[in-house]
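The structure under discussion appears below in the form of structure tokens.
The values are calculated or read from the model by the stated rules, or taken from the named source; none is laboratory data. A quick note: this is a predicted structure, and the numbers were derived from the prediction, not measured. Cβ placement follows ideal geometry from the backbone for every residue including glycine, while neighbour counts extend to all protein chains displayed. In case anyone asks, the SASA skips ligands and DNA or RNA and just uses the protein heavy atoms, side chains included. Shrake-Rupley method; radii C 1.70, N 1.55, O 1.52, S 1.80 Å.
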Amino acid sequence: MRKHMRYSPNVEYETATLASRMTCREVVKTLAMWTQVQMSHTTVMRCVRAVGEAQEKQDQELVIQAENGELDGKRQPNFLFAEADGTFVRGLKKRQHIEIKHFILYEGWVKNGKRRLLKEPYAVMTSKGLDTFWEQVGAAVEQRYRLWQTQVVANSDGGVGYDEAHFKDAFCGSHKRIWVQLDAFHVAQSLIRSLHGDKAWITRIQQAIQRKDRTEVILLLDTYESNLDEDERIKQVEKVKQYLIGHWDRLFDWREIMAKETLPENAGRLGAMESNQRHLTFRMKKRGMHWGESEEGMVKVIQGIRNGTLKAAYLSSFIPTKRDERIIKKMIRIASLLKEPTVPSIGAHRGRIGTNASSSSAVGKLNKVLTFA
């Protein structure tokens with residue numbers, strides 16, 4: 001097709017969904033092989049941006065509705081689980097890294113043979129700032145849930161932007177204490193990095209943590225530190241000690257804190273975030289990928305597909321929202337009040353210059369010129 005021709009909404013949507021699983025080159029080849037649609041790489045990314053912007057617009061509309069108190073979720077589960085983390089992709093500039101914030105919300109687990117699947121999962125993803133990210137998270141929670149009697153359990157690595165305070169703000173509607181634990185994977189990773197993979201010491205420290213013996217953990221780390229000579233390694237051990245002791249109450253499995261009779265069916269460890277990050281990393285990392293203006297569009301396309309909201313969000317972008325309709329009606333109403341009344345037309349006026357004056361007068365001379373007399 002010619003470049004100046006616009007593709008139909010269905011073509012744009014299907015192209016964007018293909019691009020969420022393939023590279024642009026693969027999408028171009030697939031379309032050329034199986035359809036009559038011919039596209040360039042640039043056009044594929046334009047489709048991704050157009051569809052992703054529709055999902056972004058819907059997310060921001062929810063934020064506005066949340067600020068105005070217009071959202072009223074209906075679901076009231078006994079337990080609600082949340083996890084948040086970030087992953088980095090390469091930008092177009094040298095040594096530029098773009099953080100993609102990722103939040104996942106679910107109501108528990110369901111059995112699928114030997115595996116457990118997340119129950120009612122819902123994701124929020126964006127490459128924009130942390131304030132925008134948590135605003136969208138809060139709006140998503142308000143749209144779906146009424147949290148008065150819901151026990152919220154969250155999981156994160158405790159890093160900047162993913163701390164306990166942000167989770168408590170997002171789930172402030174719950175009357176119960178919000179438990180935010182540290183992800184066991186990140187705790188293990190911090191020990192491995194700081195102790196340079198010394199398995200014997202790592203195992204002893206992890207066993208002390210499992211026994212909830214804070215004094216022994218401090219003693220083990222101090223003993224390990226006393227055997228070091230390098231200042232850099234000493235700093236790393238001090239850092240991990242502050243990390244563990246500063247978040248001591250958050251190191252333990254949430255199932256040990258809750259009463260056993262209240263635990264939901266098929267209750268498992270938190271840590272679904274690491275596996276769910278693959279939906280982003282598989283498409284947006286490695287293979288020499290670098291991202292510019294199109295990264296937010298791709299992130300939102302992946303989010304919309306995961307949540308099952310993408311198609312409705314994109315097609316609704318061609319229809320004015322209720323808020324836009326209210327604004328349009330208000331403008332029409334104001335215009336009708338300010339509009340001046342229309343004066344009825346009485347047609348063209350006819351007339352002539354009187355001939356009572358003498359032909360030598362000014363009026364007589366004008367009459368003679370107009371009538372060519």
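A few points about this structure:
- For region 237-369, a crude dipole built from +1 on the beta carbon of Lys and Arg and -1 on the beta carbon of Asp and Glu, taken about the Cα centre, is about 1000 debye to the nearest 20.
- When its C-alpha radius of gyration is set against 2.2 N^0.38 Å (N residues), region 275-331 gives a value of 1.60.
- Solvent-accessible area, 1.4 Å probe, carbon plus sulfur percent, for the chain: 53 percent
- Estimated translational D of the chain in µm²/s (Stokes, Kirkwood radius over Cα pairs; 20 °C; 1.002 mPa s): 83 µm²/s
- Dipole orientation for the chain: of the candidates His166, Leu228, Ser8, Ser8 has the Cα lying most toward the positive pole (charges on Cβ; Lys, Arg +1; Asp, Glu -1).
- Every Cα-Cα pair in region 13-99 was counted, and those over 19 Å apart are 65% of them.
- Estimated FRET transfer efficiency when R0 is 35 angstrom, pair Asp213-Lys176 (beta carbons, to 0.05): 0.75
- Rounded to the nearest 20, the size of the Cβ-charge dipole of region 148-235 about its Cα centre is 540 debye, with Lys and Arg at +1 and Asp and Glu at -1.
- Cα extents of region 217-373 along the three principal axes, largest first (Å): 129, 49, 35
- Rolling a 1.4 Å probe over the protein heavy atoms gives region 25-144 an accessible area of 54 Å² per residue.
- Listed residue (Gln210, Gly271, Phe88) projecting farthest to the positive dipole end of the chain, Cβ model: Phe88
- If you plug the beta carbon distance of Thr132 and Ile346 into 1/(1 + (r/R0)^6) with R0 = 56 Å, you get a FRET efficiency near 0.35.
- A convex hull fitted around the alpha carbon atoms of region 69-222 yields 175 Å³ per residue.
- Pairwise FRET efficiency - Leu92 versus Ile319, Cβ, R0 = 41 Å, nearest 0.05: 0.75
- Think of the chain as having a plus end and a minus end, set by charges on the Cβ of Lys, Arg, Asp and Glu; of Gln38, Trp201, Val240, Gln38 sits farthest toward the positive end of this dipole.
- In terms of its C-alpha gyration tensor, region 60-111 has an oblate overall shape, because the principal axis ratio a/c (a ≥ b ≥ c, square roots of the eigenvalues) is not below 1.5 and a/b does not outweigh b/c.
- For region 139-174, applying the loop criterion from DSSP together with a ceiling of 14 other beta carbons within 10 Å to the chymotrypsin sites (Phe, Trp or Tyr not before Pro) yields Trp148.
- Taking the three principal axes of the alpha carbon atoms in region 244-294, the coordinate ranges are 49, 32, 18 Å, sorted in descending order.
- Using a cut-off of 18 Å between Cα atoms, the listed pairs Lys176/Lys212; Lys94/Lys235; Lys57/Lys330; Lys101/Lys285 include Lys176/Lys212; Lys94/Lys235; Lys57/Lys330 as exceeding that distance.
- Percent of Cα-Cα distances greater than 19 Å, calculated over region 129-189: 33 percent
- The chain - charge dipole about Cα centre, Lys and Arg +1 at Cβ, Asp and Glu -1, debye rounded to 20: 2260 debye
- In this rough spin-label picture, where each label sits 7 Å from Cα along the Cβ direction, the Met258-Ile327 distance is 4.2 nm.
- Pairwise label distance in nanometres, Leu338 with Arg287, each label 7 Å out on the Cα-Cβ vector: 5.4 nm
- For region 182-288, the set of GluC sites (Glu not before Pro) satisfying both a DSSP loop assignment and a count of at most 13 other C-beta atoms within 10 Å is given as Glu230, Glu265.
- Approximate spin-label separation Ser40-Glu99, in nm, with each point projected 7 Å along Cα-to-Cβ: 3.6 nm
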